[in-house]
Amino acid sequence: MNLNKAFVLGNVTRDPEVRSLPSGQQVTSFSVATNRVYTDGSGQKKEEAEFHNIVCFGKLADIASRYLTKGSMVLIEGRIKTRNWQDQSGNKHYKTEIIAELLQLGPRGSGGKNSGFSKPYQNPEPEIQKNNDIPVIEENYVQPAEDTQSSSETIFQSDSSDEIDIKDIPF
């Protein structure tokens, strides 16, 4: 069994860039910075930053382009993909990206009620979580009836047919 899954929690380093594929599908790309603080062998505290290229397609691309800006905190769940191409002078280039499958917006501002992230709800029939200012956004959203959805709560679901049901786990 193989698994290609990435989770990145960090800050957007530049405003998302929006493009369209020849098929008309929207694509949004941006970068997320994460940092790591550690103590080296001599006891000195060190900090290093890592930058991750993120690509969103379809409805996730639309949401990312509308709600993310430079400095926004975001949680991305997705898969890692490395693209390669050859430029006009024959040089081969590689770029590793995270293809987003779930996007969760961070707190709306500092000092707000919610200082962390809500847990993404992944049931095929989403429940509405009350008193939650952080929307959970997944691919292939199906919006529930107008009166059951608060404007500040958005849940997007992936319609992947190979989802694991909790009842199928043998322990």
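Taken over segment 31-80, the criterion of being exposed (fewer than 13 other Cβ atoms within 10 Å of the Cβ), in a strand (DSSP E or B) and in contact (Cβ under 8 Å) with a residue 12 or more places away in the chain is satisfied by Asn35, Arg36, Glu47, Glu48, Ala49, Glu50, Phe51, Ile80. Within segment 71-101, the only residue that satisfies the criterion of being more than 20 Å from Thr13 (Cβ to Cβ) and touching a helix residue (DSSP H, G or I) at 6+ places or on another chain (Cβ under 9 Å) is Glu101.
Among the residues of segment 10-30, those identified as surrounded by fewer than 15 Cβ atoms within 10 Å (Cβ to Cβ) and over 12 Å from Asn53 (Cβ atoms) are Asp15, Arg19, Ser20, Leu21, Pro22, Ser23, Gly24, Gln25. Those residues that are among the polar types (S, T, N, Q) and closer than 15 Å to Ile99 by Cβ, I need them from segment 45-87; list them, please. Selection gives Asn53, Thr82.
Values quoted throughout were computed directly from the atomic coordinates according to the rules given, and no laboratory measurement underlies them. The structure displayed is predicted, hence computed values, not measured ones. Cβ: placed from backbone, ideal geometry, glycine included. Neighbour counts: every protein chain shown.
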